[in-house]
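K.L.:
This structure is in structure tokens; I'll ask about it shortly.
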Amino acid sequence: MSGHSKWANIKRKKAKVDAVRGVNFAKFSREIIIAAKIGGPDLQGNFRLRTAVEKAKAGGLPNDTIKRAIDKGSGNSQSSNFEEITYEGYGAGGVAVFIEAATDNRNRTAGDIRSYFTKFGGNLGENGCVGWIFEPFGLIAIDKPKEVSKRDKEISKQFDFDTLFEDSIAFDPVDVYQDEDENDYRIKTTPENLENTANGLEKLGYSIKSADLTRIPSNSCQITDSAIAKKIVLLLEKLDEHDDIQNVYSNFEADDELLDSLD
């Protein structure tokens, strides 16, 4: 699973807080608009919208901005015509990159992405060139339990990994494991089974930290050259900073020592 979390680790190392906050607000709003457009404004009946709103609130998006985004998506106000589209390509050193975007101008978005690949030694490819590497999954995160008082134990769900594993089996997960980097437990599902699993665990008393559709690379591309690694990191950063780009996936791998040296 290291290939899945590598880019998250890089972002934490190199995040510029104010800039990232503004970009994330735009991404949160677009996801809410699209989710409301597809499934309607009812949070309880629209799992994608509910998870988008929860993520946006956790990221600090104001409630009035969330409401405006829901209204735009559900047709209660003038809205931009966002559409979802994917892009695929190779970064420096043959690293595979898969991009999910939400845009109201395909030509602008494609042009920007192509320029980033060219600038940092890569190539934007045709659909399907690397998509087969990134298999879609549902991924649920649950915080590890903390020490609590005797009273709190009586009123809250207390569990260890074995308990969670046993409870998860009823929902037919792909995998259940501990993520040491994030210090939480993870349940990997098929995309179709994400909602059922998340709802089922909530009914059992578990507090869901996040429940998202993601893509996990089936192989990794280990980079040992610092010059190539720097180009890849700069490409991934530039892509992640673009308002139109919702998610960036890569099979890039490098030792922490090499990544630290890039700073």
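K.L.:
If you bin every alpha carbon distance in region 56-128 into 5 Å steps from zero, what whole percent lands in each bin?
P.N.:
That works out to 3, 14, 18, 16, 14, 12, 12, 9, 2, 0, in percent per bin.
K.L.:
Ignoring ligands, DNA and RNA, what percent of the accessible area of region 24-94 is carbon or sulfur (1.4 Å)?
P.N.:
For region 24-94, the apolar C and S fraction of the accessible surface comes to 49 percent.
K.L.:
How about region 163-192: which GluC sites (Glu not before Pro) there are in a DSSP loop, with at most 13 other Cβ atoms within 10 Å of their Cβ?
P.N.:
Answer in residue order: Glu180.
K.L.:
Okay, moving on. Multiplying the sequence separation of Asn107 and Thr86 by 0.36 nm and subtracting their Cα-Cα distance, what value in nm do you get?
P.N.:
Between Asn107 and Thr86, full extension yields an extra 6.3 nm.
K.L.:
Give the accessible surface of region 169-263 per residue, rounded to a whole number of Å², with probe radius 1.4 Å and ligands, DNA and RNA excluded.
P.N.:
50 Å²
The values are calculated or read from the model by the stated rules, or taken from the named source; none is laboratory data. Because the structure is predicted, anything quoted here is derived from the model rather than measured. Methodologically, a virtual Cβ is constructed for each residue, glycine included, from the backbone with ideal geometry; neighbour enumeration extends over all protein chains shown. Accessible surface is based on the protein model in full, side chains and every heavy atom, while ligands, DNA and RNA are left aside. Shrake-Rupley method; radii C 1.70, N 1.55, O 1.52, S 1.80 Å.
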